[in-house]
Amino acid sequence: MTHRLYYTAPDLLDFEGKVVDVVPPSGEEKRPAIVLDQTAFYPTSGGQVFDTGWISSNGGGEKYRVIEVAEREDGTILHFVEDGALPSQGTSLRGSIDAQRRRDHMQQHTGQHVISAAFERLFEMRTVSFHMGDETCTIGLETKAVSDEQAARAATLANEIIFEDRPVHIHFVTPAEARGMGVRKIPPVDREKLRLIDVRDFDLCACGGTHVHRTGQIGCILLRKREKVRQGVRVEFVCGRRALLIAGRDYAALTEAATVFSSHVWDVPQQVRKVLDEARAARKSSENLQEEIAELLAARMLSEAPLQGNVKVISQVFADRDLTFIKLLAQKLTRAGENAVALLGAASGAPALVFAQTPGAPFDMGVLMKEAVSAAGGRGGGTRDLAQGGAASTDRLQPTITAIAERVRSQILNGSART
Ligand SMILES: [Zn+2]
């Protein structure tokens, strides 16, 4: 079992240790690992992620980059290093930990204790999970919902505790002692001694992670999004330097949006709402106009089309209209009270074909469309009364429609519409 220097000295970033084992790569684990008799490197556990840094010989001649740290079930801590020459057992080595990464972890982790305690004290919402990600952290709260007001109150209280710069102490006690002390979270595993993290007069929690000495070092806590999850509500937060970075990024994004609207950043939501309302109104007005144009155009086309038998066959390709418009037009043409067949093409957007007939007319648009798309190099189909399809290119539309119109006219002449 590796002696954990960070248990009692969370600030220790440089230390000496003796190599007790070197684990070669095996199976899925492609990297070798160095085991020391003692270490200040923190292994991933309890929601906090591992430290990185260097292990090197005293003269600095040999250097091993520590890329991950993990603990085995027997309490051994593995320092994973890049593959290459490795130290021999018994060698004394110096470990040095990436200070900025560790400080960040200490800020996030202690901040987590404070925000979890705030939710529990104010609303009896117990923290059931903690995750530290590369950008943000989350806690899982055992509750059905967290309102905006509750989140704001918890954040205010947590930040008050930070501004008061309360001391954070470490105590080692027996589980029995811990139970008498009102500890927020006691792990279920049987241990002789528990390590308690004590945020003075605010929170007492059993934890093996690294924490700051005073709450002021957390800097601040920023609560972000909340999500309903199966076990409760997941609350995202960031502390210290991360809060600064993420607030800066938010401000840059808002400023960019505000520049687009030529407004103040605080007016961006109102501006977005206004633009969306305007866009919605413009779309509605455009739809109404399209409807009117289709109606007028259909009336004119029907009045100009000759009657063949008792049917009017109308075929046309529109260079500047899209599928939506020709569908609308086909509908108007075939529901105006006359027997009509509409064979329409649209070249604006993806080249499209729409065939329609007055319901009950004797042709089969689905069959005609299959014929048309096989000639035009597209795909499509439909029912007896309405079919739609595509063409490989716009210049295939006109010849295809001309050929299909010929087919329909000859079917009328032969009286063989249903074959
Ligand atoms: Zn902790």
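The values are calculated or read from the model by the stated rules, or taken from the named source; none is laboratory data. Bear in mind that the values here come from a model prediction, so they are computed numbers and not experimental data. Reconstructed Cβ throughout: ideal geometry from the backbone, glycine too, with neighbour counts over all protein chains shown. The area values use the complete protein model at the heavy-atom level, side chains included, leaving out ligands, DNA and RNA. Shrake-Rupley method; radii C 1.70, N 1.55, O 1.52, S 1.80 Å.
Here are some notes:
- Rg and Dmax of the chain, Cα atoms only, in Å: 36.5, 105
- Gyration tensor (alpha-carbon) shape descriptor, the range 1-101, a/c threshold 1.5: rounded
- Taking every DSSP helix (H) stretch of at least 4 residues in the chain, weighting each as -39,500 (n - 2.57) and dividing the sum by the residue count yields a mean residue ellipticity at 222 nm of -12000 deg cm²/dmol.
- Taken about its Cα centre, the range 150-200 carries a charge dipole of roughly 140 debye when the Cβ of each Lys and Arg holds +1 and the Cβ of each Asp and Glu holds -1.
- Per residue accessible area in Å² of the chain, where ligands, DNA and RNA are left out and the probe is 1.4 Å: 53 Å²
- Hydrodynamic radius of the range 157-278 per Kirkwood, over alpha carbon pairs, in Å: 18.0 Å
- Once all protein chains are placed together, Lys274 keeps about 110 Å² accessible to a 1.4 angstrom probe.
- Among Leu12, Leu223, Leu329: highest mean-square fluctuation, GNM of the chain, C-alpha pairs under 10 Å: Leu329
- Heavy-atom accessible surface of the chain: percent carbon and sulfur, 1.4 Å: 51 percent
- In this structure Thr255 has an accessible area near 50 Å², from a 1.4 Å probe over the protein heavy atoms.
- Pairwise label distance in nanometres, Gln38 with Gln231, each label 7 Å out on the Cα-Cβ vector: 3.5 nm
- Dividing the mean sequence gap of close Cα pairs (under 8 Å, 6+ apart) by how many residues the chain holds gives a relative contact order of 9 percent.
- For the range 220-272: rounded, prolate or oblate by the Cα gyration tensor [a/c cutoff 1.5]: oblate
- Cut-off 15 Å, label 7 Å out along Cα→Cβ of Thr8, residues of the range 152-182 by amide N: 170-173
- Cβ-based net charge around Arg335, under 14 Å, with every Lys or Arg adding one and every Asp or Glu removing one: -1
- With the whole protein complex present, His264 retains an accessible surface near 90 Å², based on a 1.4 Å probe.
- Using a Gaussian network model of the chain in which every pair of alpha carbons under 10 angstrom is joined by a spring, one finds that among Ile401, Ile115, Ile55 the greatest mean-square fluctuation is at Ile401.
- Amide hydrogen neighbours beyond the local backbone of Val168, cut-off 5 Å, H modeled: Arg214, Thr215
- Shape call, the range 296-382: gyration tensor on alpha carbons, a/c limit 1.5: oblate
- Most mobile of Arg126, Arg226, Arg280 in a GNM of the chain (Cα contacts under 10 Å): Arg280
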